[in-house]
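What follows is calculated from the coordinates using simple rules that are stated; it is not laboratory data. Owing to the predicted nature of the structure, the values given are computational and were not obtained by experimental measurement. When we count neighbours, we look across all protein chains shown, and the Cβ atoms used for this are built from the backbone with ideal geometry, even at glycine.
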Amino acid sequence: MITHTHDIAIVGAGPAGSATAYFLARHGFDVALIDKSNFPRDKTCGDAVSPRALHILDAMGLLETLTAQSSIINHLDFYTPSSQLCRAAVPRMSGFPHYTLIAPRMILDDVIQKRALEAGAKFYNFDVTDVIKDSDRVIGLRGRDHIVNAKLIVAATGAATGFLTRLGLLPRKPTLMVAARQYFENLPPLSDRLEFYFDHVPLPGYAWMFPTSPTSANIGAGYFGKKETSPRTLLEKFYGDHPRVREMIKDAKPSSPIKGYPLRVDFQNSTLIVNGGIGVGEAIGLVNPFTGEGIDYALESGQIAAQCIINAREFSTEGLKEYPRQLNDRFLHYFKIITLMRDLFYNRFMLNRIFGRGADNTYIRETVLGICFGETDPMQAFSPKILWEILKP
């Protein structure tokens, strides 16, 4: 058994964990970054990196590198439940890049993890099997051949419930959505557009086609409802039912199997901190309940966590009380309201009104997209003006 001692031990080297490691290591902390997989490695995801996420990556000095390896997206296409097409541009947000990237996680996560190591974090490739406690305080981690002692444990393990339960961050069953994606090559030429489909999919949910190159794409589908659904079956049925997608993929070549995955969307009910440990990103439910987007929240929460750790005098629950306060100030209102927005808007009637009328009504379209991209207060979705514009005869 090999024993290591560090200031901070971060479990999970995806965007949340590696961003936390980067911001801490560059400030002089001795950081262990632990993952059961070596890098580069694949991660099941839609691969969309929003302007807010790009802003954090720019602060990490990665925007130029990542942009060179990704597909730049300037436009959005929405197919309503009645198959009407609504076209829009990526919202222009002050102080943020004016585009979105499609960056496969094989590339994105590797770039961010390497940046953390360049900043001084130490990477360990092993599976954490247990936590080590002194009374009620977490003081370390155990793997088959490794023990890591640390003053603070940061959980960045996504929706993996076993470790979170042992750490104490998951006292109840989490709220999940399900999704599946598959990569295709040799597609007909694609433009710089993200395509979202609300037709030929069960609601609440949507399917997507996100270009990874001019002739390849990430195609997937997600379901936000309570009915038990197989993500693989959901995607296969979409392939067969949607006329545009069926035509696009008929001569294409799948370059990966279908991979299903759960997403935690329960931030407002999550435990954020225990004695000796905190969570970041999807490990505390930071995935958008309306869109399923999680990379931005992973990066933002990692940056917030690092700053709170830097400012803390000691790493007890009391010493880190600023962390849950800052997280809630940043995300709680948004997540509560956008969950209500999902419950109200994700049905055939409302989606036809929003994106059907949104094709001609720029106010509806810009308000809804501004909310989804984190630029507009989600309470605007319930303002008298937007409800009138959506519901008027």
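Summary of computed values
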{"item": "Axial C-alpha extent at least 20 Å, average Kyte-Doolittle at least 0.0 - helices from the chain (DSSP)", "result": "295-311"}
{"item": "Compactness of the range 1-72, expressed as Rg and Dmax over alpha-carbon positions, Å", "result": "14.2, 46"}
{"item": "Loop trypsin sites (Lys or Arg not before Pro), the range 142-236, which have at most 16 other Cβ atoms in a 10 Å radius of their Cβ (DSSP)", "result": "ARG144, ARG172, LYS226, LYS227"}
{"item": "Kirkwood Rh, angstrom, the range 62-149 [1 / mean 1/r, Cα pairs]", "result": "17.5 Å"}
{"item": "Estimated 222 nm signal from helices in the chain, with DSSP H stretches of n ≥ 4 weighted -39500 (n - 2.57), rounded to 500", "result": "-10000 deg cm²/dmol"}
{"item": "Against the rule of thumb 2.2 N^0.38 Å, how large the Cα Rg of the range 343-391 comes out", "result": "1.01"}
{"item": "DSSP-loop trypsin sites (Lys or Arg not before Pro) across the range 236-310, with at most 11 other Cβ within 10 angstrom", "result": "LYS250"}
{"item": "Residue among HIS200, ALA155, ASN311 farthest towards the positive dipole end of the chain, charges placed on Cβ", "result": "HIS200"}
{"item": "Ranked list, fewest to most other Cβ atoms within 10 Å of each Cβ, for HIS333, HIS4", "result": "HIS333, HIS4"}
{"item": "Reciprocal mean inverse distance between Cα atoms of the range 261-319 - Kirkwood radius, Å", "result": "12.1 Å"}
{"item": "Eligible lysines near LYS227 by straight Cα distance, threshold 18 Å, same-chain separation 8 or greater", "result": "LYS173, LYS237"}
{"item": "Convex hull projection area averaged over all views, the chain, Cα basis, nm²", "result": "18.7 nm²"}
